[in-house]
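Asks: The structure that follows is given in the form of structure tokens.
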Amino acid sequence: GDIIEFKDGTEIHSKRVIGIAGDEISFSDDGKVIRNGEKIEEEYLPEGTVTFPFKKDFYKVPDGSVFVLGDNRTNSFDSRFWENPYVETSDIIGKYFFTAKKKVNCKS
């Protein structure tokens, strides 16, 4: 999924889109994310990462919204924890087009 930047009041957050309008999101007993009945491959996560629900174990993403999770699943305040678990598409500022796979040593 795309990593997006979105506004929440006066704050700006970055999270990964896991579900779009119409998608059904749930979680398997072994800590995997299920979208529309199928476990999704999340190769960007460290091996052994588990994702468990918090408030609910099933979500149906409404029109005009997305469901997001942070890549640091055990320490991410994301859709699983919010009173309204969806980000409205009108609150999306943009998306990231790439990520660095190698740490770069920058000198000032």
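Asks: If you take every residue apart from His13 with its C-beta less than 10 Å away from the C-beta of His13, what net charge results, scoring Lys and Arg +1 and Asp and Glu -1? Could the numbers behind the result be given before it?
Replies: Numbers: positive: Lys7, Lys15; negative: Glu5, Asp8, Glu11, Asp78, Asp91.
Overall, the nearby charge balance is -3.
Asks: Apply the Karplus curve 6.51 cos²θ - 1.76 cosθ + 1.60, θ = phi - 60°, to the phi angles in region 18-27 and return the couplings in whole Hz, x for Gly and Pro.
Replies: Coupling constants for region 18-27: 9, x, 10, 3, x, 6, 10, 10, 8, 9 Hz.
Asks: Between Asn84 and Ile34, how many nm apart are label points set 7 Å from Cα along the C-beta direction?
Replies: 2.8 nm
Asks: Mind giving me the nanometre distance, one decimal, between the label points for Ser26 and Lys95, set 7 Å out from Cα along Cα→Cβ?
Replies: Label-label distance for Ser26 and Lys95, simple model: 2.6 nm.
Asks: Right, something else. How large is ³J(HN,Hα), in whole Hz, for each residue of region 89-96 in order, when computed from phi with the Karplus curve 6.51 cos²θ - 1.76 cosθ + 1.60 and θ = phi - 60°, using x for Gly and Pro?
Replies: 4, 5, 8, 6, 8, x, 9, 7
Asks: Counting only pairs 8 or more residues apart or on different chains, how many lysine pairs in the chain have their Cα atoms under 26 Å apart?
Replies: Value for the chain: 26.
Asks: Where in the chain lies the longest segment free of trypsin sites (Lys or Arg not before Pro) that are both loop residues by DSSP (not H, G, I, E, B) and have at most 10 other Cβ atoms within 10 Å?
Replies: Values: sites that count: Lys101, Lys102, Lys103, Lys107.
It runs 1-100.
Asks: To the nearest 20 Debye, how big is the dipole of region 6-108 about its Cα centre, given +1 on the beta carbon of each Lys and Arg and -1 on that of each Asp and Glu?
Replies: On the way: 16 positive and 18 negative charges, 113 e Å.
The dipole magnitude comes to about 540 debye.
Asks: Let me ask another. Pick out, in residue order, every one of the chymotrypsin sites (Phe, Trp or Tyr not before Pro) in region 3-50 that is DSSP loop and has at most 13 other C-beta atoms within 10 Å; say none if there are none.
Replies: Numbers: sites: Phe6, Phe27, Tyr44; in loops: Tyr44.
Answer by residue number: Tyr44.
Asks: Amide H to amide H, which residues 5 or more places from Gly19 or on other chains are under 5 Å from it, using H placed in the peptide plane?
Replies: Counting only residues 5 or more places away or on other chains, the set is Phe67.
Asks: A further question follows. Which ³J(HN,Hα) values, rounded to whole Hz and listed in residue order, are derived for region 3-12 from phi using the Karplus coefficients 6.51, -1.76 and 1.60 in 6.51 cos²θ - 1.76 cosθ + 1.60 with θ = phi - 60°, glycine and proline given as x?
Replies: Here the 3J(HN,Hα) series is 9, 10, 10, 9, 9, 9, x, 9, 9, 10 Hz.
Asks: Quick one: if you stick a label point 7 Å off each Cα along the C-beta vector at Thr49 and Thr10, how many nm between them?
Replies: Computed distance between label sites Thr49 and Thr10 equals 3.1 nm.
Asks: Loop by DSSP (not H, G, I, E, B), at most 12 other beta-carbon atoms within 10 Å: where is the longest site-free stretch of the chain for GluC sites (Glu not before Pro)?
Replies: Details: sites that count: Glu41, Glu43, Glu47, Glu83.
My reading of the result: 1-40 is the longest stretch.
Asks: Let me check I've understood the local charge: for Val61, count other residues with C-beta under 9 angstrom from its C-beta, Lys and Arg +1, Asp and Glu -1. What total comes out?
Replies: Working: positive: Lys60; negative: Asp23, Glu24, Asp63.
Neighbourhood net charge equals -2.
Asks: From the P(r) of the chain, can you give the percent of Cα pairs sitting at distances over 16 Å? All intermediate terms of the calculation are to be shown ahead of the outcome.
Replies: Details: 3451 of 5778 pairs.
Counting every Cα pair in the chain, those more than 16 Å apart make up 60 percent.
FYI, it's all coordinate maths here, none of it is from the lab. Just so you know, these numbers come straight off a predicted model, no measurement behind them. Every residue, glycine as well, gets a Cβ built from its backbone with ideal geometry; the counts of neighbours run over all protein chains shown.
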